[in-house]
Amino acid sequence: MIINTGQIMEFSDREEGNKIGIVLSVSGKGVRVLLTNRRETTVTERNILHLTSTSKSQCSDIDAALEVLLRHDLKRKSYSDQINLDELHLLLSEEIRGYQISEMTGFVSDSPDDDFTAALIRALTNDSFYFKEKKEGWVPQPRQQVQEAIERENKRKQKELEEQALIDELEQLFQKGTSVEISEKLAPVIDKIVDYVVFQDEYKGDKRVVELLQKAGMANFRKLFSLLVKINRFHPDENILLRQKQISTEFSAEVQSEAESLVSKPLDTNGRTDLTELFTMAIDGEETKDRDDAFSVSRDSDGNFTLWVHIADAAHFIVPDSEIDRDASSRATSIYMPDKVIPMVPAILSEGAISLNQGSPRLAITVKMSINAAGEITEHSVFPSTVKVALATDYNSADEMISSNATLSDAIELFKVLRSVRVKAGALVMSKPELEIKVKDEKIILRERNRSLSTSEMISEFMIWANHITAKFAMDNKIPFIYRSQPACENLPPNSPEFDALVFFQTIKQLKRSETCSQPSLHGCLAVNPYCQITSPIRRYCDLLLQRQLKNFLSHNSPLYEIETLEQKLVYADHGLATGEEAMEKRYMYFLLKHLKNEISRGNDTISGVVLENGYNETTVFLNEICRINRCRKPGFDVAPGNKVKIKMKQADPFDETFKFEILSIKTAES
């Protein structure tokens, strides 16, 4: 092929299709051409589709050469628009063979020139449905095949147009939010975007929606979340995890109807010990509405105590395989979050008929213990009862009553005796400060929860002993049961009433995991043997199952479940429990990080901490103000476990759950 400077070239480009250029020079490396955008490129001979028969410019003047090139390009575009390939195909498809380009131009033009020939080549390569280039020339494709290809192409183009219209509409939504009306075509796309944001990398839905978002440059979860907030599909603090884990915040009509039917029935107290005349108290957190437990205490002149721990009889209402039971087994737990509570069973039961509320007769399972002055349990029993709570209050209020309420005063003395027994047996008693987070009227309220309050510790102690005695009752009566155990730990530091972050950290690192098992054994941390967990049947399905098992034995002298069935049900419940606990932890962290982000933006970015451990690149710190253990990059100066340090918070992002901080300095006695 002879190529001269100034010739107009039509050539193929792998990425951009056909292009036009004017030859500037020729070398062994290829042909250097000037493009219509004034740039230059090198073309190999095999990519050349057409060359003008003569040079059209000397190319010594680039501006002049460019003007010539643009003129020829415009002419070719005009020719190409006029060429009707469909008519040409109809004409030539009568004889299927290879046609040379010079022969084909004669069918569509009386006097074809170089530009017309190049224009025909453009048309044939850009619209490749009609003819296929082969060695023998351009071969007409079968008519039916052409029509099918054109139909597919039209559909593709229509799809592109529709996608672009959706992209344009999405961009309008991003800019103007709810002021833009969502079209019927976009509405189902928005539904899929919701799922995409919820499940993110785990999204298994319509891949075309993901492709659409990627084309539009919108496949960014944070950006899409903002869009869904703008159009009122999401709350600014939308709880994504609830959607992700399909945790319903409402109960079905069937479950609600069944709950209302149960509440409407008169209370059946047959076969129960009437304890309604016994002075009974229920002490919980300030906002607790579902009261699982209550207690009664008496003390004789010899210093001996009687303790009754009353556990709400949830099993009476939630019977196996009922609508409520199936729903509760799926939920497995009540979920307590800073901004919302999702009960395991409808509130009409959890906060009403089952809950040990003040002033109304309630059904319970009572664990009764006779305890001498030394803390020895001399007698115990477990039985169904009817109780009436005389006083339901919160921990702070109860603490203020200790000196003026004889029952509370006796209860505190009993608590001290029982705690002492466990401590002597090797129980680990540690009180870690905890940060309570509540959201009210969209304001985040933080408050350190004081676990050292007398009545709070007292209730915990009473529940430990009630769980222990219930486990012993099950063991003695050979009831198939699920126990909780934990190996004893050696060389633990002595118990201290004061919280020491370093001691706490070193202690929990030595603790072994507690386990569930069908055989009774020691719970090392609590120093009781055996032990189970049964005192929260309103809010934990595992506790409800054990209460059901216990109650059936009390009523019929036989278990409801064989151990294999019980274990299977608890495995299923444990899955739901883990999901609920994850929902609680993530929601807690969301609002904590949102609060810290606000504090950082206000310039309140300095907190204090205690160094717990040094790794190779990281330092573990207890952060005092938020009562949490976190890691940060090791500082450029030496720090040692136990050092009190000043900390700067650098970043808190509730959306992607990140918290970054750095150690500024070691705090001295003076600082």
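The values are calculated or read from the model by the stated rules, or taken from the named source; none is laboratory data. The structure displayed is predicted, hence computed values, not measured ones. Neighbour counts are summed over all protein chains in view; Cβ atoms, including those assigned to glycine, are modelled from backbone coordinates with ideal geometry. Calculation scope for accessible area: heavy atoms of the full protein, side chains included, ligands and nucleic acids excluded. Shrake-Rupley method; radii C 1.70, N 1.55, O 1.52, S 1.80 Å.
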- Note on the structure: Between Ser27 and Asp127, Cβ-based FRET efficiency (R0 45 Å, step 0.05) works out to 0.85
- Give me the aspartates and glutamates in straight-line cross-link reach of Lys512: C-alpha distance below 19 Å, same-chain residues under 8 apart excluded. Glu490
- Message: Restricting to bridges with both residues inside the chain, how much of the DSSP beta-bridge set is antiparallel, in percent to the nearest 5?
- Response: 90 percent
- Would you calculate the separation in nanometres between label points at Ser257 and Ile3, each defined as 7 Å from the Cα along the Cα-to-beta-carbon direction? 8.2 nm
- So, with a 1.4 angstrom probe, what is the percent of accessible area on the stretch 139-218 that is carbon and sulfur? 47 percent
- Item | Difference of contour (0.36 nm per residue) and Cα-Cα distance, Asp339 to Asp191 | 50.8 nm
- Item | Compactness relative to 2.2 N^0.38 Å, alpha carbon Rg of the stretch 100-187 | 1.74
- Note on the structure: The answer for GluC sites (Glu not before Pro) in the stretch 39-145 that fall in a DSSP coil and have at most 11 neighbouring Cβ atoms within 10 Å is Glu94, Glu95, Glu136
- Message: Helix-only mean residue ellipticity at 222 nm, the chain, DSSP H runs n ≥ 4 weighted -39,500 (n - 2.57), per residue, nearest 500. What is it?
- Response: -12500 deg cm²/dmol
- Message: Can you pull out the trypsin sites (Lys or Arg not before Pro) in the stretch 452-508 whose DSSP state is coil and whose Cβ has at most 16 other Cβ atoms within 10 Å?
- Response: Lys478
- Please arrange Thr125, Thr280 by accessible surface area, largest first, computed with a 1.4 Å probe and ligands excluded. Thr125, Thr280
- Message: Using 0.36 nm times the number of residues separating Lys77 and Ser53, minus their current alpha carbon distance, what extension gain do you get?
- Response: 6.7 nm
- Percentage relative contact order, the stretch 626-671, counting C-alpha pairs under 8 Å, at least six apart: 38 percent
- Note on the structure: Cα-Cα pairs in the stretch 585-671 separated by more than 17 Å, as a whole percent of all pairs, come to 45 percent
- Per residue solvent-accessible surface (Å²) - the chain, probe of 1.4 Å: 52 Å²
- Message: Compute and list, largest first, the equivalent-ellipsoid semi-axes of the stretch 545-640 from the alpha carbon gyration tensor, each √(5λ) rounded to a whole angstrom.
- Response: 47, 18, 12
- Query: All other residues with a Cβ under 14 Å from the Cβ of Tyr203 taken together, and with Lys, Arg as +1 and Asp, Glu as -1, what is their net charge?
  - Reply: -1
- Straight-line reach from Lys230: which aspartates and glutamates have a Cα under 13 Å away, not including same-chain ones fewer than 8 places off? Glu171, Glu181, Glu238
- Message: Just the number: Rg to Rh for the chain, Cα atoms, Kirkwood Rh, two decimals.
- Response: 1.22
- Would you mind telling me the share, in percent, of accessible area of the stretch 379-500 contributed by carbon and sulfur at probe 1.4 angstrom? 47 percent
- For the chain, the helices passing both cut-offs (Cα extent along own axis of 24 Å or more, Kyte-Doolittle mean at least -1.0, full DSSP H runs) are 62-82, 406-424, 454-476, 563-601
- Leaving ligands, DNA and RNA out of it, rank Tyr541, Tyr572, Tyr395 by accessible area with a 1.4 Å probe, largest first. Tyr572, Tyr395, Tyr541
- Item | Ranking by accessible area, most exposed first, for Thr606, Thr579 with a 1.4 Å probe | Thr606, Thr579
- Note on the structure: Rounded to the nearest 10 Å², the accessible area of Ile121 using a 1.4 Å probe with every protein chain kept is 10 Å²
- Report, in cubic angstrom per residue, the convex hull volume of the C-alpha atoms of the stretch 269-349. 149 Å³
- Message: With the cut-off at 18 Å, tell me which of the pairs Lys159/Lys215; Lys75/Lys135; Lys185/Lys245; Lys56/Lys134; Lys176/Lys223; Lys416/Lys509 have Cα atoms farther apart than that.
- Response: Lys75/Lys135; Lys185/Lys245; Lys56/Lys134; Lys416/Lys509
- Quantify how much of the Cα-Cα distance distribution of the stretch 328-374 extends past 18 Å, in percent. 52 percent
- Counting pairs of alpha carbon atoms under 8 Å apart in space and at least six apart in sequence, what relative contact order in percent does the chain give? 8 percent
- Query: Between Asp13 and Val139, what FRET efficiency comes out of the Förster formula 1/(1 + (r/R0)^6) with R0 = 25 Å and r the beta carbon distance, rounded to 0.05?
  - Reply: 0.55
- Task: Work out the FRET efficiency for Lys424 and Lys265 from their Cβ-Cβ distance, taking R0 = 45 Å, and round it to the nearest 0.05.
- Result: 0.40
- Item | Length-normalised contact order for the stretch 311-380 - Cα pairs under 8 Å, 6+ apart - percent | 28 percent
- Item | Carbon plus sulfur fraction of accessible area for the stretch 231-275, probe 1.4 Å, in percent | 43 percent
- Item | P(r) weight above 19 Å for the stretch 432-487, C-alpha pairs, percent | 56 percent
- Query: Counting Lys +1, Arg +1, Asp -1, Glu -1, what net charge surrounds Thr52 among other residues with beta carbon under 10 Å of its beta carbon?
  - Reply: -3
- Item | Virtual spin-label span in nm between Ala374 and Asp653, 7 Å along Cα→Cβ | 6.3 nm
